[in-house]
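Below is one structure; the comments refer to it alone.
The values are calculated or read from the model by the stated rules, or taken from the named source; none is laboratory data. Treat the numbers as computed from the prediction; the structure is a model and nothing was measured. Please note: Cβ atoms are built from the backbone with ideal geometry, for glycine as well, and neighbour counts cover all protein chains shown. Heavy atoms of the whole protein, side chains included, go into the accessibility calculation; ligands, DNA and RNA do not. Shrake-Rupley method; radii C 1.70, N 1.55, O 1.52, S 1.80 Å.
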Number of protein chains: 4
Amino acid sequence: MAETMSPEEEFAQRWRKFADVSPYNRELGLLPHSVRPDWCVLKVDYKDGLVGDPNTRVLHGGVITALLDAAFGFSIFVKMPQFRPMATLDLRIDYLRPATPDKAVLGGAVCYKLTPDLAFVRGCAYHESPDDPIATAVGIYMFTSGSTVIQNEERPR
Amino acid sequence: MAETMSPEEEFAQRWRKFADVSPYNRELGLLPHSVRPDWCVLKVDYKDGLVGDPNTRVLHGGVITALLDAAFGFSIFVKMPQFRPMATLDLRIDYLRPATPDKAVLGGAVCYKLTPDLAFVRGCAYHESPDDPIATAVGIYMFTSGSTVIQNEERPR
Amino acid sequence: MAETMSPEEEFAQRWRKFADVSPYNRELGLLPHSVRPDWCVLKVDYKDGLVGDPNTRVLHGGVITALLDAAFGFSIFVKMPQFRPMATLDLRIDYLRPATPDKAVLGGAVCYKLTPDLAFVRGCAYHESPDDPIATAVGIYMFTSGSTVIQNEERPR
Amino acid sequence: MAETMSPEEEFAQRWRKFADVSPYNRELGLLPHSVRPDWCVLKVDYKDGLVGDPNTRVLHGGVITALLDAAFGFSIFVKMPQFRPMATLDLRIDYLRPATPDKAVLGGAVCYKLTPDLAFVRGCAYHESPDDPIATAVGIYMFTSGSTVIQNEERPR
């Protein structure tokens, strides 16, 4: 059955399973944008309710952080044959410049090292290109012993 | 006129001015809890829409981060005679354990060093006591040259 | 035999065992200063060979980092009945002001959370008081499965 | 006169000026390895005096940190027409695996964003390839108002 799905459909389905796990991610309106094993991208559209400062109309830093945190989780998910419950161990975010009002923000991430216990990730938030980032981030996630929530049948090519 | 306000009223008013700056903080439902110059505490009530994982019903890490980011900003604000526009330069958050479902989370912070350009802060998120933290965090904020948004007439005692 | 040792002698002996593990710590000249379960302090004396910038004669940031890294390890060591091999998983250091030339620098640390796998620590470097820090730091250490190097018979009171 | 120097000689000269600023970097034996505007590499040779644990003979984490800190400074230096005094504002280092005994460690870095006040850098330590890192790091440096120590006449091509 999976063969009849286009890669785009497969990806969208995989993201829905991942995103559906998190009510908060749905509430923020995080959307899948593109995926490769070495660069998973989510998107958040500009909305007035996500603004940090009404004078500048710049998105709240917490939205950028939540976007990157979700992209981190997704980038680990696509590297594994099966989803394993995990928890953010720590995050560091550097904010380089304000997001531009009215523009969607992309959050891209790669899991660059996997051990049996840990996943190391890095990524950035941007409008057009990761080479002109709004924020950069690194983090470590730890696999926990909780029950498996979802299966990840397909891996990105 | 200010003399006729109780310290609690003054604090609540100061927080409203600060919180009103951020639509996203309002959307998260961040509430003032208590304030001292060396420990400013905000609160976020448990809500299903803020859950990260419906299996465990644990609050999303992004909510904890947004709570701490707001508490950091507030802890800087209460140290200054006048609000100066500032931007988060970087944040590091360590997650020690999951938040307990159905419980409110408190986010406490202190600005432990102020320079003309920078504010250094630290804090933690917890249920009952900062000695049993859910997450700890440190950050640096940079004052920007934007226009002043609000006045901070009173300082906490 | 241990009963005939003063607490100071016991502490000095414990530190020697810990410090002897690391040739680099010896080369830097890291010395024990004081220890409590919740605040372990090491010291590095000012030496021309540890200077970062000869114009200002300020100690190199790398020395401060190594001092804090060692104090972190020691603060975990004193919390455990037996030494377990561990590795630094990550560190964050914030530099608040330059060290003063010709003055020794103290590095204090506390392990504020221990799990079976991880130790969470925080600390700071200072001259006179931790309330006027030169640098602050947080880190996470992971226990590894290597063989036990030293025994820690006594715990600080 | 500069035209008669090979690019390699120019680079070595530039590094000597930079490295000579720091007695501690000389003491560690940090050597120039290669330079491009987007990837500056320093090297530290394996020496018994830099070992952290004599059982495993692994280099001390503080040496890796000092190597990366120096590479960060150098990567900023090569991006600027003239050296400006700067201070490390903060650093985060993630340790992915132990360094292999008897092998030199390379530390590569890029300054990926420069503002009038700040330089944002990232890099990693490795033996053969940055794709198999021993440690990764990010940091922010702040330009200070101190006097200029050295001139950087040439910029890498």
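In chain A, the longest principal axis of the Cα atoms and the axis of helix A:61-77 are about 20 degrees apart.
Peptide B:24-30 has a mean of 5 when you count, residue by residue, the C-beta atoms of other protein chains within 10 Å of its C-beta. If each DSSP helix of 4+ residues adds -39,500 (n - 2.57) and the sum is divided by the residues in chain B, what number results at 222 nm, nearest 500 deg cm²/dmol? Calculated mean residue ellipticity at 222 nm is -7500 deg cm²/dmol. Pairing chains D and C buries close to 2400 square angstrom of accessible surface in total, based on protein heavy atoms and a 1.4 angstrom probe.
Within the shell defined by Cβ-Cβ distances under 13 Å, the residues around A:A104 carry a net charge of 0, with Lys and Arg each +1 and Asp and Glu each -1.
Using a 1.4 angstrom probe on heavy atoms only, work out the carbon and sulfur share of the accessible area of chain D in %. Answer for chain D is 52 percent, counting heavy atoms of protein chains only.
Using the heavy atoms of the protein chains alone and a 1.4 angstrom probe, what is the accessible area of chain B per residue in square angstrom? Could you put the intermediate results ahead of the total?
Working: 6340 Å² over 157 residues.
Heavy-atom SASA per residue in chain B reads 40 Å².
What's the average, rounded to a whole number, of partner chain beta-carbon atoms within 10 Å of each residue's beta-carbon in D:121-128? Before the final figure, lay out the partial values.
Numbers: counts 0, 4, 0, 1, 0, 0, 0, 0.
For this peptide, the per-residue mean of nearby foreign Cβ atoms is 1.
Build a GNM of chain A with springs between Cα atoms under 10 Å apart, and of A:D102, A:D53, A:D45 the one that fluctuates most is A:D53. Taking the Cα of D:M80, stepping 7 Å toward and past its beta carbon, and measuring to each backbone N in segment D:17-48: which are under 16 Å? Of the residues in segment D:17-48, D:17-22 have backbone N under 16 Å from the label point off D:M80. Each copy carries A:R16; placing its label point 7 Å along the C-beta direction from Cα gives inter-copy distances of 4.5, 6.7, 6.9 nm, listed from smallest up.
Past 21 Å, Cα to Cα, is the threshold; run A:K47/A:K103; A:K17/A:K43; A:K113/D:K79; D:K43/D:K103; B:K79/C:K113 against it and keep the listed order.
A:K113/D:K79; B:K79/C:K113
If r is the Cβ-Cβ distance from C:D131 to A:K47 and R0 is 35 Å, what FRET efficiency results, to the nearest 0.05?
On the way: r = 43 Å, r/R0 = 1.22.
The pair C:D131/A:K47 has a calculated efficiency of 0.25.
On the principal axes of its alpha carbon atoms, the protein assembly as shown extends 61, 56, 51 Å, with the longest extent given first.
The rotation axis taking chain A to chain D passes closest to the C-beta of one chain A residue; that residue and the distance in whole Å read A:R92, 2. Tell me, what is the FRET efficiency for B:S34 and B:N55 to the nearest 0.05, using R0 = 25 angstrom and their Cβ-Cβ distance as r? About 0.15, to the nearest 0.05.
Across the copies of the chain, C:A104 has label points (7 Å from Cα along Cα→Cβ) spaced 3.8, 4.8, 6.1 nm apart, shortest distance listed first. The share of Cα pairs per 5 Å bin across segment A:1-138, counted from zero up to the longest distance, runs 2, 10, 21, 22, 20, 13, 7, 3, 1, 0, 0 percent.
To the nearest 0.05, how large is the calculated FRET efficiency for A:T4 and C:K103 if R₀ is 60 Å and r is the Cβ-Cβ distance? Calculated transfer efficiency: 0.25. Using a 7 Å projection from Cα along Cα-to-Cβ, the label point at D:S34 is separated from the same position in the remaining copies by 2.8, 5.1, 5.8 nm, smallest value first.
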